[in-house]
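Undergrad: This is the structure I want to talk about, given as structure tokens.
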Amino acid sequence: MAIFIQRMTTSVCGFLLGFYRGWKLTLVIISVSPLIGIGAAVIGLSVSKFTDRELRAYAKAGAVADEVISSIPTVAAYGGEKKEVERYEKNLVFAQRWGIRKGIVMGFFTGFMWCLIFLCYALAFWYGSRLVLDDGEYTAGTLVQIFLSVIVGALNLGNASSCLEAFAAGRAAATSIFETMDRKPLIDCMSEDGYKLDRIKGEIEFHNVTFHYPSRPEVKILNNLSMVIKSGEMTAMVGSSGAGKSTALQLIQRFYDPSEGMVTLDGHDIRSLNIQWLRAQIGIVEQEPVLFSTTIAENIRYGREDATMEDIVRAAKEANAYSFIMDLPQQFDTLVGEGGGQMSGGQKQRLAIARALVRNPKILLLDMATSALDNESEAMVQEALSKSGLTVHCTLLQVQHGLTIISVAHRLSTVRAADVIIGFERGTAVERGTHEELLERKGVYFTLMTLQSQGDQAFNEKDIKGKASVRQRSKSQLSYLGPEPPLALVDHKSTYEEDRKVRYRLLMGGWKKSLLET
């Protein structure tokens, strides 16, 4: 911008000086200026259009590169390097096409403008010589002064046109940004509107809620959903994938508003509440917790900005994360890495629980908090949430008195101790009760429990058969070293430690036998 202003100012001053020394010659010369202005306008519009499409193509290519870089292990495991390179190059081809078109237009009109400038020079010499030689109106010195002034003005005007490409590129890049900034969201998270309740019990109720995502208006996720979540209780939501459980949690956090019906908190429509205050009352632990590339302490403090170190330590202890944090060299100052890459799945989940607890929420949402963990990590996380078979809100060191907990789970063993279990089917709550009550009804919960039990039983049988086959292979491989062991030693119920002892005795027996023979 500074260079453009400098060149335009110099151009105007040059033409003004030319008018002062000789207005006739200057007026004839600048008669070509409208053509220069038209050329500059065409350049600006064309370059802006082509630059916008070029940047969009580069953005798609950049998105591919970012996606691949963040998923290098998966790409390498499936041998997809060549495929991803081709996908990246495909997007670059479109950027190249628009770049070539922009270059052609820019080159043509730049040449056109300089052609006009040199025509100005020729016109200045031709008409100026007539004014000096034929009319005697100008002297040779005046002609040179006017000519140099106009040349300086024309040259700077031509050079200023090169800035138009930068302006056009900036305009194209800024258009999408300003469109996003100027867009009025349906739910403004920065809004100060709405009121705040003096006291909150945490009772949530869905009143005939129907909902579909804005990107898929033809698909109903929730269909006339009505349910009550009582304060101070643990309520579990179960159902098949796509039944609407996680969507219900998103409506509670007011990430979306219902298409029909309403969600109330203590009898108040959450749309009438201040959104920042509402979300401050809610803590959430998700299936894939997001950790920021900073220290453990800062990740926990993200739950509440004014949390002291004592609050952070207390939350870490409640989340069963304190022991592993203190085993780290830098303890709470340990960097978790990008996306929490330096932490295991169970450690990340426990840090997410600590982040939710340091918030001192009135409502705690658990969205399949242990479904992505192995058995050992799940046990550690469950210990942070439930001890001695008690419900979650009774075990968090009793600091969360009256806490309303809503848990979404696919592993039904994690929700048996819930006060209330709600079964979802096709976006509707079809049953409600305790673990024993729902098993007697033989509905959705009973079906899911049966299928999961059958799956676990089949897995255990397969595991036992696998162990037996390993023992049989070990027996055949070691039989030449000694006598065949008794059948009791290779019983299907023997553990890995027993197998190891059997193989040790076989080896020792064969070794002793070989010594006696020698």
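Undergrad: Tally up the residues in the range 271-297 that are part of a loop (DSSP other than H, G, I, E, B) and under 17 Å from residue 359 (Cβ atoms), please. Walk me through it before giving the result.
TA: Within the range 271-297, the subset part of a loop (DSSP other than H, G, I, E, B) is 274, 281, 286-294.
Subsequent filtering for residues that are under 17 Å from residue 359 (Cβ atoms) retains 274, 281, 286, 289-292.
Summing the residues that are part of a loop (DSSP other than H, G, I, E, B) and under 17 Å from residue 359 (Cβ atoms) in the range 271-297 gives 7.
Undergrad: Right, here's the next one. Quickly run through the range 298-335 and pick out the residues that are in a loop (DSSP other than H, G, I, E, B), under 21 Å from residue 284 (Cα atoms) and free of Cβ contacts under 8 Å to residues at least 12 places away in the same chain. Before the answer, list the steps.
TA: Step one: of the range 298-335, the residues in a loop (DSSP other than H, G, I, E, B) are 302-308, 319-321, 328-330, 334.
Those left that are additionally under 21 Å from residue 284 (Cα atoms): 302-308, 319-321.
Within the range 298-335, 305, 306, 308 qualify.
Undergrad: Taking the range 229-263, which residues are assigned to a strand (DSSP E or B), crowded, with 20+ Cβ neighbours inside 10 Å and at negative phi? Outline the logic, then answer.
TA: Residues of the range 229-263 assigned to a strand (DSSP E or B): 229, 234-239, 260-263.
In the following step, the residues that additionally are crowded, with 20+ Cβ neighbours inside 10 Å were identified as 229, 234-239, 263.
Within the range 229-263, 229, 234, 235, 236, 237, 238, 263 meet the criteria.
Undergrad: How many of the residues making up the range 264-318 are surrounded by 21 or more Cβ atoms within 10 Å (Cβ to Cβ) and touching a His at 6+ places or on another chain (Cβ under 8 Å)?
TA: 0
Undergrad: Please list, ordered by first then second residue, the pairs with beta carbon atoms under 8 Å, 6 or more apart or interchain, first in the range 54-69 and over 18 Å from residue 100 (Cβ atoms) and in the same structural domain as residue 174 (by TED's automatic domain parsing), second part of a helix (DSSP H, G or I) and of a type in the set (S, T, N, Q).
TA: 64/91
Undergrad: Take the residues in the range 172-222 that are among the hydroxyl-bearing types (Ser, Thr, Tyr) and part of a loop (DSSP other than H, G, I, E, B); name whichever of them is nearest to residue 282 (Cα to Cα).
TA: Taking the range 172-222 as the starting set, the residues that turn out to be among the hydroxyl-bearing types (Ser, Thr, Tyr) are 175-176, 180, 191, 195, 210, 213, 215.
Next, from what is left, pick out any that are part of a loop (DSSP other than H, G, I, E, B): 191, 213, 215.
Values: 191: 18, 213: 22, 215: 26 Å.
So the residue we want is 191.
The values are calculated or read from the model by the stated rules, or taken from the named source; none is laboratory data. Values in this document were obtained by computation on a predicted structure and should not be read as measured data. As a convention, Cβ positions derive from the backbone with ideal geometry for all residues, glycine included, and neighbour counts pool all protein chains shown.
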